[in-house]
Each structure stands twice: as C-alpha cells, then as structure tokens.
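Written out below as structure tokens is the structure these notes cover.
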Amino acid sequence: MTHLPKILIILILLTVSIYDGVSQEWNSARLSVLYGSSIPFNFTSLDKIKNGIEITPGTRFGISMADSSKVGHDLTGFELYFRAFNNQSNLKGDSYTLPLSTIRVKAESALGLGSGVSDDYQPLTSDWVRLFSFTNDPWLSDLDWANFQLNLSFKCGTSDTGNSLMGEPADYYNVEIEFELVPIGVGF
Amino acid sequence: MRKINFVAIMLFCGLTVFGQAVKDRNVIPVAVNLNQVLRMTVTNGGNIEFVFNTIDQYKNGISAEAGPAGSQGFYKTDFTVSSSTRWELNYGAEQATFIGTDNPANTLALDNVGFKIVNNGLKMFNATGVVAAAPANLQSLISVPTDNALEVTALQAYPVALITDAGSTVAGIGANAGDAADNSFTLNWRCGTIEANAVVPGNSMNSVALIDQATSPTPDRYVVNVLFELSAL
C-alpha cells in the first residue's frame, strides 16, 4: 500500500503523456472522392480494343489539408502518389492476367490547384509513383475539398501504354488503385 | 521519488516520438471488361462456279490466275478476319467429293479444285519467302497447307487448319489478332490445272487433266459446299 501514491502519479503521467501524443500531429490531410469511385473500361468493339479507351476525367478528388503550426514542421504542400493496392502484380481476370502498365493515370488540377505540377500519364505499377505535386510556400491558407480539387484521367490499352489489348483473351480483369496524399514541407 | 522523476522524464522524452505527418489514402477499383470480337466476312466471291465448255479448258483447266483478264475475278474469293484474340481458320469441303446435281451418283474428286492464298492485309505470313522483309511482329500468320501462301493446295474435306496464329508457337512473334485491314485475304481458285504442291505433296491438285482422266467425268453440274470456321485460340 505504501507504493500506491507512486503508482497513481505514474498513471497520471501516462495519461497526460498519451493525450499529448495524440495532439502532436503536424497537419491534417483528407483525400475525398467527389465522384468516380470506380472506373469501368468496357471494350465492346474491335476499334476500342485496337486503340484503347481514355476516360477523362474519371475521378475527382477533393483535397483537404491544414497545417497544425507545430514548431519545426512547416507544411508547404502535398504530393499525390498511386500504386496497385496491396502491391498487386497484375490485372487479374477470372482466367488470365494483364500487365499493370496496361493502365495509365494522370492527375490534373480541376479547381484551385492550377499552380501545381502534373506528372502527366504514368503507368500503374506495384510501387508508389507520383502523379501530382502542389507547393504553397509559405503556407498561406489551408486547403478545403470544396475549393481544391483534382481530376484523374485513366487510359487502358492505348498505344502509348505499349500494351495493346489486341490479341489478349476475353475476360473480366480488375485491379484496385490506391492513392496517397502526402504532405510535404520542412520537417515532414 | 527519483524513480518517479526518471519515469516522468522518459515519458516526456517520448512525446516527440508520437509526432507525425498525417497522410490519407483512398482506393479506386478499376475493371477492364474485354469482350470477344470474332468475325469472318466474305466480301466477294461467295459462290464460285467453273463452266467447262471448250476442249482447251478440259486440257488446261480454269484459273483465277490464268485465262482472259476480265474473267479472273469470277474465280476469286475475298474475305477478311476481325478478331480481338489469336485466331484460327479451319476450312474444307462438306463432302468427300463433288456431287452431281443432275445425278447424285456422279462424283468428282475434290482435288480437281484447288486454290492459292493471296495476302492483302498488314499481317504477314511467317517464315519463308514473302515475309522476309516484314517486321517480326507482323509475321504472325501460318498456313501449312499452302506453305504460307507460296503453294497451291488442293481442296480437302473439312476440317483442315488453313490459317492459324504463328505467335502461339514462335517466340517473339505478335498475335494475328487484328481488324479487317490487318487480316485480308483472297483465295484464287482453279479447277483442272494439275498444279503440284512442292512442299506438301499430299496437298497437290489432281495431276491428271480432266480430259485425260481414266474415267472421264460424266457431264453434270458438280457442287460441294466449302465450310469456313473461324475460332479463337
């Protein structure tokens, strides 16, 4: 029983410590799908199979990002990356597969992010690939999804993918594409 | 008390460990639905008829590659293949012989009729002769009966693989899948021309002219349906 005060003090310190830990995030970030939460490519004619399909825009993202004003961590912008979800290695059909590079994705400013840099169409891989970067240095105002939006365009089987679908077996192929919004700045 | 101070210091040191940049992720499912396209279109010459009414024709036969220039087109069949996948074209006569229409007991051997393939498309035949200058990715056709469009083949009973995909068996060769511009062919038919197939002797036409055959064919109108079946590989 003589140790009870010590234990209580330690418990209080622990509680305070964990609470402070939660509050230590340097920023907030939110990637919202405004529309285009799934992308279907339907190849119903030989012309589409030969020349590919481009869906533009296919998806619109809203970007929300705020700086928490933590000393030593100065938010200056963000980058958007993409990859095949869970490092999936190909587009899986019921019986066949297609290479990931059959799909290409591009991100462009739709609203409020015109000073950002688009990396144009990039082939889908199992590793993170950057699609878009935006810098607002110094960070003058936080971004909200209603005024800062990105359009995502998708290509499948077009000549620049190097993966024409001509000759590929008929099947229903699918892949999940994972997008990551990454804050950038001093201390990040 | 020292222990408590130590623990407290360690906990406060640990505060910075929990600091982090916040990222966010989202997942978009993408589906690719490839529907099969497979179509053969006969654009000209869907019905071929040889009419023998001179001794010269009985001696030398009738051919799409000989005789009066204006008549050659009557003995040609043009067709195209549009396929989204690798394909194979099987063909052959529906019966083992031609059948007389006036008297079904009259027959004529199939090998009195033959044809040669002419390639009009962008896809080329693999291996020998005509394809030497073509890029490898276009040498995607194989025709064994005609030695890749170099030889005449006699008409045979169904089924015979007439044209198939080279890429399935030869490394580095593209698929023969393509549209009508890629896969366009002409069959130059002939009858009684006694032409041999030097590479596949078994596919040679009858070596005896109609006028010289041991049992002279009974005058009749001989017919047979030639079937073509396009299938995906």
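Each value in this text was obtained by applying a stated rule to the coordinates, not by laboratory testing. Please read these numbers as outputs of a predicted model, since none were measured by experiment. Neighbour counts are summed over all protein chains in view; Cβ atoms, including those assigned to glycine, are modelled from backbone coordinates with ideal geometry.
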Using amide H atoms built 1.01 Å from N in the peptide plane, name the residues 5+ places from A:Val33, or on other chains, whose amide H lies under 5 Å from its own. A:Gly62
Magnitude of the Cβ-charge dipole of the protein assembly as shown, K/R +1 and D/E -1, about the Cα centre, nearest 20 debye? 1260
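Would you list A:Val105, B:Val42, A:Val71, B:Val224 from fewest to most Cβ contacts within 10 Å? Could the numbers behind the result be given before it?
Working: A:Val105 24, B:Val42 13, A:Val71 7, B:Val224 19.
Ranking A:Val105, B:Val42, A:Val71, B:Val224 by Cβ neighbours within 10 Å, fewest first, gives A:Val71, B:Val42, B:Val224, A:Val105.
Give me the net charge of A:Pro57's neighbourhood, meaning all other residues with Cβ under 15 Å from the Cβ of A:Pro57; Lys, Arg count +1, Asp, Glu -1. Don't skip to the end; give the middle numbers.
Details: positive: A:Arg60, A:Arg104, A:Lys106, A:Lys155; negative: A:Glu54, A:Glu108, A:Asp120.
Here the charged neighbours net out to +1.
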Phi angles of the stretch B:27-42, converted by Karplus (6.51 cos²θ - 1.76 cosθ + 1.60, θ = phi - 60°) into ³J(HN,Hα) in whole Hz with x for Gly and Pro, give 10, 10, x, 10, 10, 10, 9, 8, 8, 6, 10, 8, 8, 10, 10, 8
Does the stretch A:27-186 come out rounded, prolate or oblate by the C-alpha gyration tensor, with a ≥ b ≥ c the root eigenvalues, rounded set by a/c under 1.5 and, if not, prolate when a/b is larger than b/c and oblate if not? prolate
Karplus (6.51, -1.76, 1.60) ³J(HN,Hα), θ = phi - 60°, over the stretch B:185-198, in Hz, Gly and Pro reported as x: 9, 10, 9, 8, 7, 8, 9, x, 9, 6, 8, 9, 9, 5
Assuming a ≥ b ≥ c are the square roots of the Cα gyration tensor eigenvalues, decide whether the protein assembly as shown counts as rounded (a/c under 1.5), prolate (otherwise, with a/b larger than b/c) or oblate. prolate
Estimated vicinal HN-Hα couplings, Hz - the stretch B:62-78 in sequence order (Karplus 6.51, -1.76, 1.60; Gly, Pro = x): 10, 9, 6, 10, 8, x, x, 4, x, 8, 5, x, 5, 10, 10, 10, 9
Could you tell me the distance between the Cα centroids of the stretch B:41-86 and the stretch B:212-230, to the nearest Å? 15
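Rounded, prolate or oblate: which fits the stretch A:115-162 when a ≥ b ≥ c are the square roots of the eigenvalues of the alpha-carbon gyration tensor, with rounded for a/c under 1.5 and prolate only if a/b beats b/c?
Note, shape of the stretch A:115-162 comes out prolate.
Set the Förster radius R0 to 35 Å, insert the Cβ-Cβ distance between A:Asp160 and A:Thr76 as r into 1/(1 + (r/R0)^6), and round the FRET efficiency to 0.05.
Values: r = 33 Å, r/R0 = 0.93.
Once rounded, the FRET efficiency stands at 0.60.
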For a footprinting-style exposure proxy, rank B:Glu195, A:Glu168 by other Cβ within 10 Å, fewest first. B:Glu195, A:Glu168
In the stretch B:35-232 the DSSP beta bridges are antiparallel at a rate, in percent to nearest 5, of 95
Fewest first, what order do B:Leu230, B:Leu155 take by the number of other Cβ atoms within 10 Å? B:Leu230, B:Leu155
Specify which residue in the list A:Leu111, A:Asn51, A:Leu31 is farthest towards the positive end of the charge dipole of the stretch A:15-164, using unit charges on the beta carbon of Lys, Arg (+1) and Asp, Glu (-1), about the Cα centre. A:Asn51
Cβ-based charge dipole, the stretch B:35-232, positive-most Cα from B:Pro217, B:Asn120, B:Val199: B:Asn120
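Which whole-number percentage describes the relative contact order of chain A, with Cα contacts under 8 Å and a sequence gap of 6 or more?
Values: 401 pairs, mean separation 59.6, N = 188.
Once divided by the residue count of chain A, the mean separation gives 32 percent.
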Positive end of the dipole of the stretch A:20-97, charges at C-beta (+1 Lys, Arg; -1 Asp, Glu), about the Cα centre: which of A:Asn87, A:Gly77, A:Asn42 has its Cα farthest in that direction? A:Asn42
Could I have the simple spin-label model distance between A:Ser38 and B:Ile48, label points 7 Å from Cα toward Cβ, reported in nm to one decimal? 5.1
Taking the Cα centre of the stretch A:27-186 as origin, work out the dipole magnitude from +1 charges on Lys and Arg Cβ and -1 charges on Asp and Glu Cβ, in debye rounded to 20. 240
